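Take a look at the structure below.
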Amino acid sequence: MKDLISFIATSLVDDPTQVRVYQMRRGSQVVLRLQVAKEDMGRVIGKSGRVANAMRILLRVAAAQEGKRATLDIVEPE
């Protein structure tokens, strides 16, 4: 799941070296946190959040195939 989000994000952004995906568990759920360069936030979120929502749907499908639940958080760069 982490590889899936990483692959999609690096395909979208101008600076793929700034893509970071952190995976953690929150109870029975897997939480993925995506961090990209500040300039690429718009590309990852998309117009009205469409790209981000599509990534979340793909993540949910991949997690369901493994019998898990997963969510995606897109965080501001530090």
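Numbers below:
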{"read-out": "Residue check for ALA63: over 10 Å from the mean Cα position of the chain (by Cα), surrounded by 17 or more Cβ atoms within 10 Å (Cβ to Cβ) and of a type in the set (Gly, Ala, Ser)", "value": "yes"}
{"read-out": "Complete set of residues in region 10-34 that are over 14 Å from LEU59 (Cβ atoms) and in contact with a helix residue (DSSP H, G or I) (Cβ under 8 Å, 6 or more places away or on another chain)", "value": "THR10, LEU12, VAL13, ASP14, ASP15, PRO16, GLN18, VAL19"}
{"read-out": "Region 24-37, subset loosely packed, with under 11 Cβ neighbours inside 10 Å and of a type in the set (Lys, Arg), residue modelled with the highest pLDDT", "value": "ARG25"}
{"read-out": "Test: residue in region 62-75 that is of a type in the set (A, V, I, L, M) and free of Cβ contacts under 8 Å to residues at least 24 places away in the same chain", "value": "yes"}
{"read-out": "Subset of region 1-11 that is crowded, with 16+ Cβ neighbours inside 10 Å and of a type outside the set (Val, Ile, Thr) - its residue that is farthest from GLY67 (Cα to Cα)", "value": "ALA9"}
{"read-out": "Residue check, MET55 modelled with pLDDT under 95 and surrounded by 13 or more Cβ atoms within 10 Å (Cβ to Cβ)", "value": "no"}
{"read-out": "ARG50 being modelled with pLDDT of 95 or more and over 10 Å from the mean Cα position of the chain (by Cα)", "value": "yes"}
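The values are calculated or read from the model by the stated rules, or taken from the named source; none is laboratory data. Since the structure is predicted, the reported quantities are computational estimates derived from the model, not experimental observations. Counting neighbours? That spans all protein chains shown, and the Cβs are built from the backbone with ideal geometry, glycine included.
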